[in-house]
1. Please state, to two decimals, what the Cα-based radius of gyration of the range 36-118 comes to when divided by 2.2 N^0.38 Å (N = residues).
2. Does the range 58-166 classify as rounded, prolate or oblate by the C-alpha gyration tensor (a ≥ b ≥ c root eigenvalues; a/c under 1.5 gives rounded; else a/b over b/c gives prolate, otherwise oblate)?
3. Just to confirm my numbers, what's the Cα centroid distance between the range 45-74 and the range 244-299 in Å?
4. Provide the packing ranking of 54-64, 156-166, 83-93, 133-143, i.e. peptides ordered by the mean count of other C-beta atoms within 10 Å per residue, highest first.
5. Mind ordering 278-287, 72-81 by average Cβ neighbours within 10 Å, highest first?
6. By its C-alpha gyration tensor, with a ≥ b ≥ c as the square roots of the eigenvalues, how is the range 118-186 shaped: rounded for a/c under 1.5, else prolate for a/b larger than b/c, else oblate?
Ligand SMILES: Nc1ncnc2c1ncn2[C@@H]1O[C@H](COP(=O)(O)OP(=O)(O)OP(=O)(O)O)[C@@H](O)[C@H]1O
Ligand SMILES: [Mg+2]
């Protein structure tokens, strides 16, 4: 069976100095059996070390952000020919610089979000609104890319969806990460659908209803929205349906594609921060369908942390 690959998270960025000592093995006084106290101490040491590394990563990413956006701004000015005409070769070089700059900006943004999620610095900001507007905005931003690659992207606003409180920028981020994957992994000529519909999420209902009652409620009392992104790409084998949401996870054979394996992990945490859940269904060779649920009633505002949310999706 193929083995999964995870990128290695490089520590020590952003001014982190000498490598920290590896915590001593958690052995008990009899020399063999680790005591609960030792295990707990070791866990806390590792956790603190991980937090420091994540903070360093976040501050390095933050320091890179401003100079990079200045560089990108100058490249854009040059490319617009406001400072003088360009020949074809110069235009081509600047176009490459522009797309590399954007890619780097996206990486940095991913690290910042990851670091904020890890350290609990990201809070949800729910505002009453129409989710259709949020979905069509993300579609609009992606439509040119899809067209250029020869991919069809379909989205039809669903007027059955009520207005409810949600965090629009974070929801856009989740959908954008899913569309980015569909775009990246679906070969030209393929099709991608973005779809949203009202949904009755049983676990969210106050009492467990009977099957007949549930069927009736499904139609009349939805308590959440279900958003799906489906594609006609290579799909994902069943044994990786949980792992794809882990940090730095990439399927074997997809390492040549750009990316760090963070997009789905970030999406998972954001969805969980909204009180929802995310999953994938797929038949390899036929495509895949990523779906997530967001309840109409948001969870009380609390920081979204990796530690708090890890594994809850499962
Ligand atoms: N639509 C898809 N079709 C096929 N494989 C997918 C799809 N979406 C995700 N995957 C697999 O899951 C892995 C993890 O996805 P994820 O979005 O977390 O990372 P990435 O796209 O590789 O990098 P990043 O999102 O950080 O740029 C991908 O590398 C790919 O192997
Ligand atoms: Mg991705």
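1. On the way: Rg = 20.1 Å, N = 83, 2.2 N^0.38 = 11.8 Å.
Here the answer is 1.71, to two decimals.
2. Working: a/c = 2.72, a/b = 1.36, b/c = 1.99.
Taking the square roots of the gyration eigenvalues as a ≥ b ≥ c, the range 58-166 is oblate.
3. Centre-to-centre (Cα) distance: 23 Å.
4. Values: 54-64: 18.0, 156-166: 14.0, 83-93: 10.5, 133-143: 16.4.
Taking the mean over residues of other Cβ atoms within 10 Å, the ranking is 54-64, 133-143, 156-166, 83-93.
5. Numbers: 278-287: 16.1, 72-81: 14.2.
In descending order of packing, they fall as 278-287, 72-81.
6. On the way: a/c = 3.11, a/b = 1.36, b/c = 2.29.
Note, shape of the range 118-186 comes out oblate.
Since every read-out is calculated from the coordinates, none of them should be taken as a lab result. Bear in mind that the values here come from a model prediction, so they are computed numbers and not experimental data. Cβ coordinates were reconstructed from backbone atoms using ideal geometry, including for glycine residues, and neighbour counts include every protein chain displayed.
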